[in-house]
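Undergrad: Here's a structure for you.
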Amino acid sequence: QVQLVESGGGLVQAGGSLRLSCAASGSIFNLPAVGWYRQAPGKQRELVATITSGGNTNYADSVKGRFTISRDNAKNTVYLEMNSLKAEDTAVYYCYARVRTSWTTPATDSWGPGTQVTVSS
């Protein structure tokens, strides 16, 4: 069993910044990939950014140059630094982790409960 706990969401004015954190705990052998997705009202969940255990990153075009994803492998924690926030960034942000619980167990996907980010214009 793996738990993901997000923190750092809130209300910010357009142009401002927020930093999201997500800590993974439980039976973790390794985390091949971690990242963030978001879902705005009436829209499908979409990729924001991911980062592999080797440090390779992938960003949605809409956040490139404004958001930065990073991870602390020793703490099983992933961060999302969000700058120059826009009203269209308003959404529930979900932490994602590709998790292996042992050397022989296939990786599975885990999700956090989500944290609200609201950007006022």
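The values are calculated or read from the model by the stated rules, or taken from the named source; none is laboratory data. None of these values were measured; they are calculated from a predicted model. As a convention, Cβ positions derive from the backbone with ideal geometry for all residues, glycine included, and neighbour counts pool all protein chains shown. These area figures cover heavy atoms from the full protein model, side chains too; ligands, DNA and RNA do not enter into them. Shrake-Rupley method; radii C 1.70, N 1.55, O 1.52, S 1.80 Å.
Undergrad: Check which residues have an amide H placed less than 5 Å from GLY16's amide H, if you skip close sequence neighbours.
TA: Hits under the 5 Å cutoff: LEU85.
Undergrad: Further question on the same structure: For segment 1-45, evaluate the Debye formula with one uniform point scatterer on each Cα (no solvent term) and list log10 I(q)/I(0) at q = 0.14, 0.15 Å⁻¹, rounded to two decimals.
TA: -0.51, -0.57
Undergrad: Could you give the longest part of the chain that holds none of the trypsin sites (Lys or Arg not before Pro) found in DSSP loops with at most 12 neighbouring Cβ atoms within 10 Å?
TA: Excluding the exposed sites themselves, the longest stretch runs over 76-121.
Undergrad: Still on this structure, I have one more. Can you send over the solvent-accessible area of ILE28, 1.4 Å probe, protein chains only, in Å² to the nearest 10?
TA: Counting only protein heavy atoms, ILE28 exposes about 40 Å² to solvent.
Undergrad: Among ASN58, ASN30, ASN73, which one moves the most in a GNM of the chain with springs linking Cα atoms closer than 10 Å?
TA: Of ASN58, ASN30, ASN73, the most mobile in the Gaussian network model is ASN73.
Undergrad: Something else: Equivalent-ellipsoid semi-axes (√(5λ), Cα gyration tensor) for segment 73-113, whole Å, largest first?
TA: They are 29, 13, 7 Å, listed from largest to smallest.
Undergrad: LYS75: which aspartates and glutamates have alpha carbons under 16 Å from its alpha carbon, excluding same-chain residues fewer than 8 sequence positions away?
TA: Here the aspartates and glutamates satisfying the reach criterion relative to LYS75 are GLU6.
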